[in-house]
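For reference, the structure discussed in these notes is given below.
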Amino acid sequence: MKSLRTFLRLFAHVQMLPILEGGEETLVGGQAVMEGVMMCAPHSYCVAVRKASGEIVTESHPVQRLSDKHKWLKWPVLRGLGTIGHSLSLGMRALKFSANAALDDGSSEKPTEIPAWAMTLQVIISVAFFIFMYKLVPLYLTESLKNHVSAFRGQILYNTVDGLIRLTIFVGFLYALSRLKDIRRVFEYHGAEHKVVFNFESGREVNIQNAQSFTTFHPRCGTSFMFVILLISTVVYTIIPTPHTFLMKLAERVVLLLPIAGVSYELIRFAARRRGSLLAVLAAPGLWTQRITTKGPSDDQAAVAIHALEGAMALEAEQGGELVIA
């Protein structure tokens, strides 16, 4: 029963992985996992998870930025795709560690672990679920409305309705998940991660008291990134000529997903550096959506996030790295 619950929690968490990730490659960022937080420095990461016993367990590994290994991944748009892919890969590793910690109740010398095939299955299901939820369903509903309301046949209005349905599904799905007890705790750890990152970026001593004084809403959050992707998708679909058949429209949306993600990354990156710009205003709805995906953490949860940050920074220092706040 516990294994089934963990698998279901893992499934829900994988669906939310893009909104829990940091939206850009940066000095320090993180991600909420099951009962814990993963923090990344430029060349290291650490996952800290609080087990049911109260013990905090960690896993740290050095990492290499893809842009350091492949110079072409520093080019605009491509750097976004590289960063997103790298973040999701690290996120899955961190999530697997936290899921294994949830399964380990200390009753066995050889704890149960999530098998590799189960994680692969989670990814496949998640991609299929994303396409179904945010591509097929909005398109099907818009096509149905178009058949009953002739005004919706125009490209601008058609894609505006399609985009509004997609945003409504996105926000509604997040809100529904937030009502679940287990997911609410994930959102609390998400808030803890944001507070500790803000604390670090401020240059003040990183501790629970200082971290708790910061907001849970961070402009580089994956929630904001996903919201921008959905908005930009609507604009792109409106500009590009629309195929006539339903299947061709669906195929177009799937093919354009990666280019749109790369462009959205650049917009978020620009907005994060220029808070007063028009693009920052356009990114604001993503910050509002974080009222759903981040919750105020307890001191214990903030302590776990700090533990993860300290682990990542310690490993960074061992490798000769030096983190300096600009």
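On average over all directions, what projected area in square nanometres does region 117-248 have, based on the convex hull of its Cα atoms?
That works out to 11.5 nm², a quarter of the Cα hull's surface.
Starting from the Cα-Cα distance between His43 and Phe270, subtract it from 0.36 nm times their residue separation and give me the gain in nm to one decimal.
79.4 nm
Could you work out how much longer the chain between Thr215 and Trp75 gets when fully extended? Use 0.36 nm per residue separation minus the Cα distance between them, nm to one decimal.
Fully extending the segment from Thr215 to Trp75 adds 47.2 nm.
With each label point set 7 Å from Cα along the Cα-Cβ vector, what nm distance links Gln64 and Ser144?
5.1 nm
Please compute the length gained on full extension between Val137 and Ser53, using 0.36 nm multiplied by the number of residues separating them and subtracting their Cα-Cα distance.
Between Val137 and Ser53, full extension yields an extra 26.0 nm.
Among the listed pairs Lys71/Lys135; Lys181/Lys295; Lys74/Lys135; Lys135/Lys181; Lys74/Lys195, which have their C-alpha atoms separated by more than 21 angstrom in this model?
Lys71/Lys135; Lys74/Lys135; Lys135/Lys181; Lys74/Lys195
What is the distance, in nm, between label points placed 7 Å from the Cα along the Cα-to-Cβ direction at Phe129 and at Trp288?
Each label point lies 7 Å from its Cα, and together they span 2.7 nm.
How far apart, in nm, are the 7 Å Cα→Cβ label points at Thr238 and Leu164?
Those two pseudo-labels are separated by 1.2 nm.
Rule-based calculations on the coordinates, nothing more; no lab input. Since the structure is predicted, the reported quantities are computational estimates derived from the model, not experimental observations. Methodologically, a virtual Cβ is constructed for each residue, glycine included, from the backbone with ideal geometry; neighbour enumeration extends over all protein chains shown.
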